[in-house]
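Presented below is the structure to which this report refers.
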Amino acid sequence: MCPVHPDAPANPQSVLSLFEGSGALLRGHFLLTSGLHSPAYLQCALVLQNPADAEALGRALAGKFKGEQIDAVVAPAIGGIIVAHEVARALGVRALFTEREAGVMTLRRGFRLEPGQRVLVVEDVVTTGGSTRETIDAVRRAGGLVVGAGSLVDRSGGAVDLGVPRAALLTLSVPAYDPVDCPQCREGTPAVKPGSRKKE
Ligand SMILES: [Zn+2]
């Protein structure tokens, strides 16, 4: 437990319990939309559907950047919006989000940053870091100074380098296999689409 915020799931084990308890992290043999097979499936929307859990996760992620002066939190839509909102709530600052406009991640809807405002970029899941990197670029184009990047989950096993200080509540290394190389296929167990809940 975090001594400052007793409700905050500060350690990876309690974060993992929240994810597993809500069905946001499933273990089994999954057919991903990419066509690859994986022994784990992550759907952060399920852990964020309970506002109290979302608030606690946001507070815990904000805690990873304590000591930093942060003026605003920015996330890529859609997956990052609730994360940004809850991290910003914990920090007492604004929550903004970026969206694609003609393919380019941009602050829209009248969202503005003052020149030099110190911004924390957040996401639900970092896989390759692509959308976080695009959001960092959008913040810089808007005049903001990116002081860090946080995510609920880093499924790259810590491998992604975004060029700014980075933190995640949970770091996982989740393999994805071409079906011909999938160990579970080799064992003869059928792959299921996540959400069909055939396997628990
Ligand atoms: Zn398989």
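Data table
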{"quantity": "The listed residue being more than 16 Å from the chain's Cα centre (by Cα) and either closer than 22 Å to G58 by Cα or assigned to a loop (DSSP other than H, G, I, E, B) (or both), out of E134, E123, E114", "calculated": "E114"}
{"quantity": "Close pairs (7 angstrom Cβ cut-off, 6 or more residues apart or separate chains): loosely packed, with under 13 Cβ neighbours inside 10 Å in region 173-191, part of a loop (DSSP other than H, G, I, E, B) and not polar (S, T, N, Q) anywhere", "calculated": "S173/G157; D178/L36"}
{"quantity": "Residue within region 40-62 that is within 16 Å of the ligand (Cβ to nearest atom) and surrounded by fewer than 18 Cβ atoms within 10 Å (Cβ to Cβ) present", "calculated": "yes"}
{"quantity": "Unique match (being open to solvent by less than 60 Å² (accessible area, probe 1.4 Å), without any contact (Cβ under 8 Å) to a residue 40 or more places away in the chain and aliphatic (A, V, I, L, M)) among V104, V74, V93", "calculated": "V93"}
{"quantity": "Residue selected from region 159-172 under the condition assigned to a loop (DSSP other than H, G, I, E, B) and either open to solvent by 50 Å² or more (accessible area, probe 1.4 Å) or among the small types (G, A, S) (or both), by the criterion nearest to the ligand (Cβ to nearest atom)", "calculated": "A159"}
{"quantity": "Residues that are open to solvent by less than 10 Å² (accessible area, probe 1.4 Å) and among the hydrophobic types (A, V, I, L, M, F, W, C), drawn from region 128-150", "calculated": "I136, A138, V139, A149"}
{"quantity": "Answer from H29, H85 - the residue that is modelled with pLDDT of 95 or more and within 24 Å of S173 (Cβ to Cβ)", "calculated": "H29"}
{"quantity": "Unique match (being modelled with pLDDT of 95 or more and more than 17 Å from the chain's Cα centre (by Cα)) among A142, A176, A95", "calculated": "A142"}
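The values are calculated or read from the model by the stated rules, or taken from the named source; none is laboratory data. Just so it is clear, the structure is predicted and the values come from calculations on it, not from any experiment. Virtual Cβ from ideal backbone geometry, glycine too; neighbours counted across all protein chains shown. For the accessible areas, the whole protein counts, side chains as well, though only heavy atoms, and no ligand, DNA or RNA atoms are used. Shrake-Rupley method; radii C 1.70, N 1.55, O 1.52, S 1.80 Å.
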